[in-house]
Structures are given as structure tokens and as C-alpha cells.
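Q: After the C-alpha cells below, expect a handful of questions from me.
The values are calculated or read from the model by the stated rules, or taken from the named source; none is laboratory data. As the structure is a computational prediction, the values presented were derived from the model and not from experiment. Neighbour counts run over all protein chains shown; Cβ positions are idealised from the backbone, glycine included. Remember, those area values only see protein heavy atoms, side chains included, never the ligands or the DNA or RNA. Shrake-Rupley method; radii C 1.70, N 1.55, O 1.52, S 1.80 Å.
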Amino acid sequence: MLKNWTVTTIPVKEGAKGVMIRESYLLSTSHKNHKHTEQVVSLVGSPRTSQLIALRGEQFKTTQLMLRARGRPLSSYAMEFCLTLPRGFRPSINDWRLIVGDCCRKMAHHLELTHNETIAFKKLIRAVLHQQPQHGSN
């Protein structure tokens, strides 16, 4: 049993621009927030996946405008989940891929996605590992 792990959620604002800014930030090894990061590893997807997320968000937004759909407009094209583990627990890169896969399967199940929705969902998953030393924060 793993205790003291944290998941934070952050909506990615500013539409397509925000998605692409976030992609650049996640892959940056020189950003001031990443000065303690040992390595940055793309676990799932690529920058192309982020482009697809941005395009799908724009497509949804324009469809809503064309249909003059009622309701609240789309405020975020993506949701970021940041998983922080306690000190002393350091999964391998392959283990991280398994963790991300399990989390995504559970989320699709929880959202009660249809088979076709699940296929579409899997194409829009982007996961990046920022591996940090075991001293201080993880």
C-alpha cells in the first residue's frame, strides 16, 4: 500500500495556445522549475498529441458556435494531472508507463466511456515524467 502520494489537477487555460505552451513547458529541461529534474521522459504521446488535443478543442469550440449550442462554453481544452509520490518510492520508466496506463483505464471506466469514446480518449493522452532526485521533494 502506497501512502502519502498526491494528485493535483490543473485545467489548461487559453485554448490551443495554452495546450502548446504547456507542452513546451513539460519538455523543457532548462525551465527554472526544472532545475532539480534529472531527466524528462515522454511516457505516452508526443508533441503531436498535444497538437491533436489543441485541434480537437478548437473543433469542439467552433462546432458549438456553429450550432449556437446553449450552455457554458468550453473553458479548458485539457486537464493536467500531476502525480507526486513520497520519497523512497521511485518507479522505473516502464513502471511509470504501467501506472499511467492503469490510471487512464480507470478514468475511462469511471467516465463510463463507450468503446468508440475510449478509442478517441486514448489518442488524446499525453504523459511526461519529470524524474527528480530522492532528496527534497519528488
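Q: Within the bounds of segment 82-101, is there any residue that is over 22 Å from TRP5 (Cβ atoms), surrounded by 15 or more Cβ atoms within 10 Å (Cβ to Cβ) and modelled with pLDDT of 95 or more?
A: Looking for residues that are over 22 Å from TRP5 (Cβ atoms), surrounded by 15 or more Cβ atoms within 10 Å (Cβ to Cβ) and modelled with pLDDT of 95 or more, one finds none in segment 82-101, hence no.
Q: Same structure, new question: Of the residues that sit in segment 102-134 and are out of contact with any Ser or Thr (no Cβ under 6 Å at 6 or more places or on another chain) and polar (S, T, N, Q), which one is modelled with the lowest pLDDT?
A: It comes out as GLN134.
Q: Still on this structure: Scan segment 10-22 for residues that are open to solvent by 60 Å² or more (accessible area, probe 1.4 Å) and either modelled with pLDDT of 95 or more or closer than 19 Å to GLU58 by Cβ (or both) and report the count. Don't jump to the end; show me each part of the working.
A: Quick first cut of segment 10-22, residues open to solvent by 60 Å² or more (accessible area, probe 1.4 Å) only: 10, 13-14, 17, 20-22.
In the following step, the residues that additionally are either modelled with pLDDT of 95 or more or closer than 19 Å to GLU58 by Cβ (or both) were identified as 13-14, 17, 20-22.
So the answer is 6.
Q: Kindly indicate which of LEU111, LEU124 is farther than 19 Å from LEU27 by Cα and open to solvent by 40 Å² or more (accessible area, probe 1.4 Å). Step through it out loud before you land on a result.
A: Working: LEU124 fails: farther than 19 Å from LEU27 by Cα.
Going through LEU111, LEU124 in turn, the sole match is LEU111.
Q: Residue by residue through segment 23-36, note down the ones that are open to solvent by 70 Å² or more (accessible area, probe 1.4 Å) and either without any contact (Cβ under 8 Å) to a residue 24 or more places away in the chain or more than 13 Å from HIS130 (Cα to Cα) (or both).
A: Within segment 23-36, the first condition is being open to solvent by 70 Å² or more (accessible area, probe 1.4 Å), and the residues that meet it are 24, 29-30, 32-33, 35-36.
Result: SER24, THR29, SER30, LYS32, ASN33, LYS35.
Q: Quick check on this structure: which one of GLU112, GLU58, GLU117 is in contact (Cβ under 8 Å) with a residue 12 or more places away in the chain and among the acidic types (Asp, Glu)?
A: Values: GLU112 fails: in contact (Cβ under 8 Å) with a residue 12 or more places away in the chain; GLU117 fails: in contact (Cβ under 8 Å) with a residue 12 or more places away in the chain.
Unique residue meeting the criteria: GLU58.
Q: Could you please find all residues in segment 57-81 being open to solvent by 70 Å² or more (accessible area, probe 1.4 Å), of a type outside the set (A, V, I, L, M) and under 17 Å from ALA127 (Cβ atoms)?
A: PHE81, the sole residue that qualifies.
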